[in-house]
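Only one structure is covered here, and it is reproduced in the block below.
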Amino acid sequence: MKRLLTIQDISCLGKCSLTIALPVISALGTETVILPTAVLSTHTMFKNFTCKDLSDQIEPIKNHWKSENVVFDGIYTGYLGTIEQIDQIKGLIADFRTDDMLVFVDPVMADNGKLYPAFDMDYVKKNAELCSVADIIVPNITEAAFMTGMEYREKYDEDYIRELLGKLNEFGAKISVLTGVSLEEGKTGVMGYDSQTGEYYTYQNKRIDATYHGTGDLFSSTCVGELMRGKSWKDAMRIAADYTAHTIEVTLNNPKKPWYGVDFEATLPELMGN
Ligand code: PXL
């Protein structure tokens, strides 16, 4: 069985980051080791959440694993906390790096043209550095625009997306994927670039007009789980895009109208059976 380490916060209530990554990647058949970067009572869409930073635990946990000769087939990073933490995580990735290990970075920090409240431009720069040690990066358009210094656009064409991908590629990841890319009215999906083959891949599915917290984490966790079970990056992106859209649709149809996260628990069995 493959073993993957995922490094993100624990939002105890809220269905995002580790509370999505752990069940989804495990359900897809990979041993999922976690390194929590912070414990929050809920995700940051709730008011008055508590937050305990766990930066001082990263080094001792890493050292213990090293002393146990732990080996990972992949490392997946999501929502992190501080610049110092990203430096620590870069060090951790370097310490565990092997030739055939997958490093998947989702530089979670912004959406809809805006940085999340906790973050600033120094944090953006640090995330760009983290992207440079990854094999696959999956920013959304906002995150990519911040990291590359390109203008953020709500309305765009494929040339804009290709230019963003070109600039992202300069960070040095093997594969750069932009999420939340709408190239046609009523559709949304991903567009990626593989620097080793020079190939682009575009996948568009139906756009569902609803936003939920944690859907980016659901997409990334599904991609990671599928990559770990041997799928190509293009298949992993397509499966993750379809699964995320389907889960949003199922959530919208829930008469209880959940608002803080999606009903991935209802759809996970279908994903496992894929
Ligand atoms: O889904 C990304 C995410 C993860 N963790 C926390 C968040 C967010 C998005 O805002 O607040 C704590």
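Quick notes on this one:
- For the range 3-264, the residue among 109, 17, 252 whose Cα projects farthest onto the positive side of the dipole built from Cβ charges is 252.
- Carbon plus sulfur fraction of accessible area for the range 130-201, probe 1.4 Å, in percent: 42 percent
- Note on surface exposure: 61, 93 rank 61, 93 by accessible area, highest first, 1.4 Å probe.
- The DSSP beta bridges internal to the range 99-200 are antiparallel in roughly 65% of cases.
- Where both bridge residues fall in the chain, DSSP classifies roughly 45% of the beta bridges as antiparallel.
- In this structure the chain gives 45 Å² per residue of accessible area when probed at 1.4 Å with all protein chains present.
- Probe 1.4 Å, all protein chains present, accessible-area order of 64, 43, 246, largest first: 64, 246, 43
- Scattering profile of the chain at q = 0.10, 0.12, 0.16 Å⁻¹ [log10 I(q)/I(0), Debye over alpha-carbon scatterers]: -0.47, -0.69, -1.34
- Near residue 17: Cβ cut-off under 12 Å, other residues only, Lys/Arg at +1 and Asp/Glu at -1. The net charge is -2.
- Sites listed here are GluC sites (Glu not before Pro) in the range 118-223 whose DSSP assignment is loop and whose Cβ has at most 10 other Cβ atoms within 10 Å: 151, 154, 184, 185.
- Spin-label proximity, residue 114 to the range 33-70 - amide N less than 19 Å from point 7 Å beyond Cα toward beta carbon: 43-49
- For the chain, adding -39500 (n - 2.57) for each run of n ≥ 4 DSSP H residues and dividing by the number of residues yields -13000 deg cm²/dmol at 222 nm.
- Rounded FRET efficiency, nearest 0.05, which uses the C-beta distance separating residue 274 from residue 184 and R0 of 30 Å: 0.70
- Measuring only protein heavy atoms, the 1.4 Å probe finds residue 228 accessible over about 20 Å².
- Solvent exposure, largest accessible area first (probe 1.4 Å, DNA, RNA and ligands not counted), of 223, 12: 12, 223
- Too-long pairs where the Cα-Cα distance tops 31 Å, listed order kept, from 90/256; 231/257; 114/187; 90/155: 90/256; 231/257; 90/155
- Three-way shape label, the range 1-88, alpha-carbon gyration tensor, a/c 1.5: oblate
- Computed FRET value (nearest 0.05) for residue 256 with residue 205, which takes r as the C-beta separation and R₀ as 22 Å: 0.30
The values are calculated or read from the model by the stated rules, or taken from the named source; none is laboratory data. In this text, all values refer to a predicted model and were calculated from it rather than measured experimentally. Note that we place each Cβ from the backbone using ideal geometry, even for glycine, and neighbour counts take in every protein chain shown. Ligands, DNA and RNA are stripped out before the accessible areas are found, and what is left, the full protein with its side chains, is counted by its heavy atoms. Shrake-Rupley method; radii C 1.70, N 1.55, O 1.52, S 1.80 Å.
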